[in-house]
1. Find the residue count for segment 35-56, including only residues that are within 17 Å of residue 98 (Cα to Cα) and out of contact with any strand residue (DSSP E or B) (no Cβ under 6 Å at 6 or more places or on another chain).
2. Scan (1) closer than 18 Å to residue 7 by Cα; (2) crowded, with 19+ Cβ neighbours inside 10 Å for the single condition residue 113 breaks and write down its number.
3. Is it the case that segment 23-34 has a residue that's closer than 25 Å to residue 150 by Cα and at pLDDT below 90?
4. Count, please, the residues in segment 18-32 that happen to be over 22 Å from residue 105 (Cα atoms) and in contact with a helix residue (DSSP H, G or I) (Cβ under 8 Å, 6 or more places away or on another chain).
5. Out of 121, 152, report the one residue that is under 30 Å from residue 95 (Cα atoms), part of a strand (DSSP E or B) and touching a residue at least 40 places away in the same chain (Cβ under 8 Å).
6. Can you name every residue in segment 45-69 that is assigned to a strand (DSSP E or B) and exposed (fewer than 15 other Cβ atoms within 10 Å of the Cβ)?
């Protein structure tokens, strides 16, 4: 399962283009603003629309409009100036115009998939446990299946649970929010989109002797975002 739900405001008018095989594609720049502890945090999301969904939205989606978007997360890779670059975008399956305004938004990701490797556990200088999880979701696409890889970050108690119970091949359900970080390396600005986990549920039969079949844990994400700006990877 690979599902994204966003409610936010458009940062600019919809951008529509036509491919060489006469498909219609549109790109939205969507801002979601949420209350994290006592602070408001804004994340920007790249949303892609195809075909009839573009035709339905072309005349009504303007800068500032508030919309509900439901779709799936997809990673895109390309090369520029000999450097491999990545971006994460949301391919919309449904979009609803809600109006305009500055209401707080919704930024939610829900994945059910399997770990590609054992979790990588490290600690911040304040001693906060941080788990880096590489999760694969596999969904039917036409006559075949499409695999997407997602970078999941778990914090505090949730990270400790990951270290104790999770291993390569384990199936889990993760719920969290998208977060994009940017940094410079070799004079090039790079970015990475990850999901900060809020809840984790262990599924399937791959478990340690003492691990419950299902366990739902709430993350210590409520500590706020200041404690994860210095994640050591």
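The values are calculated or read from the model by the stated rules, or taken from the named source; none is laboratory data. Keep in mind that this is a model prediction, so the values were computed, not measured. Every residue, glycine as well, gets a Cβ built from its backbone with ideal geometry; the counts of neighbours run over all protein chains shown.
1. 2
2. Every condition holds for residue 113 apart from (1).
3. Taking every residue of segment 23-34 in turn, at least one turns out to be closer than 25 Å to residue 150 by Cα and at pLDDT below 90.
4. 2
5. 152
6. The one that is assigned to a strand (DSSP E or B) and exposed (fewer than 15 other Cβ atoms within 10 Å of the Cβ): 50.
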